[in-house]
């Protein structure tokens, strides 16, 4: 299965026959995570040693639901009733409704704090294998809560955390000096990659090193372009 | 009460590997030894209250029982959306333990006060709220809360009653009379007992306003006259009392911290007087209202 096979699933969600792949800024990164990187299994959702993927940027989760469906976490029929009254799938994901969804998100700036806490909780229980991946958007970084988490995780060398920032340059005031530098100055290892290049995304994710949290800035098309 | 919390939390961290403490600098020095012994479960995130609650939520998602602690105004008022979403909406709980109740921090000014914390927590579903009136009530409440996973708010104050009551999760009658029921929550019991001296009223005490003991309320409120004296924002429990007595004619007097920023310093006693919560102020309100 390739990411191309996820697209019909997105169409089921959106009802839109003619969307460009670029309409979904997170699609390729999500695919690489679920297809190549994350140690997660829909048959063992409660495995305490699973990797954790936290979608902090909960807006526009069509690509997320489609990838979860493609990987067997949820029935494909669910995709036909997005945000319906009885649908488990809404415009922001709910972890109590959707198998495999680690956090309920939507309000921006909550995932990284939850991810830091998750990493600390796993470490306190001696679970040193799982990594915690948190996906954010460049505009989401406007929220100050992220910077509390970035500073603390960097200062304490919380090296089981990987942040992925999808950069489609949608932050109103931009990030002069770049996004990666915001993390690097706090002691994170940081790499910026082409967010549509699967091998580059995978390589970026695998660059996490001991002693520091890691960020991958995945650059995609400018929003609205 | 703060010392009772520090002693109990330190013991819990020692004894129960499920317990974790998250701090935002406040009280960090008091937990230095505990942090040295248990660096993975005593976590000081610095002056970052949003992160403190986010971390508590993350810890709970992995199965730990987090205790988060700061001044009420930073713990609850500042981090309200984190409490709503990083705990409640994720389907996990935590124990939030505050100091600096209402005007305990009066000399520091309004930036260090939170009379509205209980009302804020009360907007969220499922929370148990403890407002102990004596240091001796803190350890049993905290220890019990550490044994489950539900959300608990434990509000500590420097105002205290003379006696600790072990059985005050329900309304506990302390004085008996016929004309009215006066409910004193937490540290309001001491001024209420003084204010009602010689009055023909029942005084009942609780340290747990949520869930409120509505069964006990109905039993004790036979006169139909209920006065509620709360150490936080006036009116916080009115909706609960009104609903519990909806099928009966009743008169309800609700006293608490008044809805204003005094822009004043001074002692907690000064603030109690200005909010009408000192014994003289309470007695004036009660005698005017009593039938």
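Since every read-out is calculated from the coordinates, none of them should be taken as a lab result. If you're wondering where the values come from, they're calculated on a predicted model, not measured in any experiment. Here the Cβ positions follow ideal geometry from the backbone for every residue, glycine too, while neighbour counts run over all protein chains shown.
Which whole number gives the average count of other chain Cβ atoms within 10 Å of the Cβ atoms across peptide B:43-50? Walk me through the numbers before you get to the answer.
Numbers: counts 7, 2, 11, 5, 1, 8, 2, 10.
Taking all residues of B:43-50 together, the mean is 6.
Multiplying the residue separation of residue B:148 and residue B:77 by 0.36 nm and subtracting their alpha-carbon distance yields 23.1 nm. Report relative contact order for the range B:2-155 in percent, whole number only (criteria: Cα-Cα under 8 Å, sequence separation at least 6). Relative contact order of the range B:2-155: 24 percent.
Please say if the range B:2-155 is rounded, prolate or oblate, where rounded means a/c under 1.5 for a ≥ b ≥ c the square roots of the C-alpha gyration tensor eigenvalues, and otherwise the choice is prolate for a/b larger than b/c and oblate otherwise? Since a/c stays below 1.5, the shape of the range B:2-155 is classed as rounded.
The mean number of Cβ atoms from other chains found within 10 Å of a Cβ in peptide A:147-156 is 4, as a whole number.
Taking 8 Å as the Cα distance limit and 6 or more residues as the minimum spacing, I'd like the relative contact order of chain B as a percentage. It rounds to 16 percent for chain B.
Once the Cβ-Cβ distance of residue A:39 and residue B:162 is raised to the sixth power relative to R0 = 45 Å, the FRET efficiency obtained is 0.15. Listed from fewest to most Cβ neighbours within 10 Å, the set A:57, B:84 follows the order B:84, A:57. Could you tell me the center-to-center distance, by alpha carbons, between the range B:1-74 and the range A:81-119 in angstrom? Spelled out, the Cα-based centre of one part sits 26 Å from the other.
Exposure proxy check: B:76, A:193 ranked by fewest other beta carbons within 10 Å? Write out the running numbers ahead of the final one.
On the way: B:76 24, A:193 21.
Least crowded to most crowded, the residues run A:193, B:76.
Give the order of B:219, A:77 when sorted by the count of other beta carbons within 10 angstrom, beginning with the fewest. With the fewest neighbours first, B:219, A:77 line up as A:77, B:219.
The DSSP beta bridges internal to the range B:175-255 are antiparallel in roughly 5% of cases. How large is log10 I(q)/I(0) at q = 0.06, 0.07 Å⁻¹ when the Debye formula is applied to the Cα atoms of the protein assembly as shown, each weighted equally and without solvent? Per q value, in the given order, log10 I(q)/I(0) is -0.34, -0.45. Per residue of peptide A:118-129, the mean number of Cβ atoms on other chains within 10 Å of the residue Cβ is 6. Compute the Cα gyration tensor for the range B:173-214, then decide on rounded, prolate or oblate, letting a ≥ b ≥ c be the square roots of its eigenvalues: rounded whenever a/c is under 1.5, prolate when a/b is larger than b/c in the other cases, and oblate in all that remain. Oblate, because a/c is 1.5 or more while a/b does not exceed b/c. For the protein assembly as shown, what proportion of DSSP beta bridges, expressed in % and rounded to the nearest 5, is antiparallel? Counting DSSP beta bridges with both partners in the protein assembly as shown, the antiparallel share is about 10 percent. The range A:43-74 and the range B:211-277 have their alpha-carbon centroids 47 Å apart. For chain A, what's the relative contact order in percent, using C-alpha pairs closer than 8 Å and at least 6 residues apart? Contact order relative to length: 19 percent. Counting only alpha carbon atoms, the long axis of helix B:2-15 and the longest principal axis of chain B meet at about 40°. Overall shape of the range A:164-225 was characterised from the C-alpha gyration tensor. The equivalent ellipsoid obtained from it has semi-axes of 21, 16, 6 Å, in decreasing order. Taking a ≥ b ≥ c as the square roots of the eigenvalues of the Cα gyration tensor, an a/c ratio of 1.5 or more together with a/b larger than b/c marks chain B as prolate. In chain A, helices alone account for a calculated mean residue ellipticity at 222 nm of -8000 deg cm²/dmol, with every DSSP H run of four or more residues adding -39,500 (n - 2.57).
Projected over all directions and averaged, the alpha-carbon convex hull of the range B:172-289 occupies 6.9 nm².
Of the two radii for chain A, the radius of gyration is 0.94 times the Kirkwood radius, both from the alpha carbons; that is the Rg over Rh value.
Please figure out what share of the DSSP beta bridges in chain B is antiparallel and state it in percent, rounded to the nearest 5.
Here the antiparallel bridges make up roughly 10 percent for chain B.
Helix B:49-61 and the longest principal axis of the Cα set of chain B meet at an angle near 80°. Helical content of chain B, expressed as a calculated mean residue ellipticity at 222 nm, amounts to -8500 deg cm²/dmol (DSSP H runs of 4 or more residues, -39,500 (n - 2.57) each, divided by residue number, nearest 500). Paramagnetic label reach from residue B:194 (point 7 Å along Cα→Cβ; backbone nitrogen cut-off under 20 Å): within the range B:138-163, residues B:157-163. Label positions at residue B:11 and residue A:1, each projected 7 Å from the Cα along the C-beta direction, are separated by 5.3 nm. Put the Cα centre of the range B:111-183 next to the Cα centre of the range A:197-225 and the gap is 49 Å.
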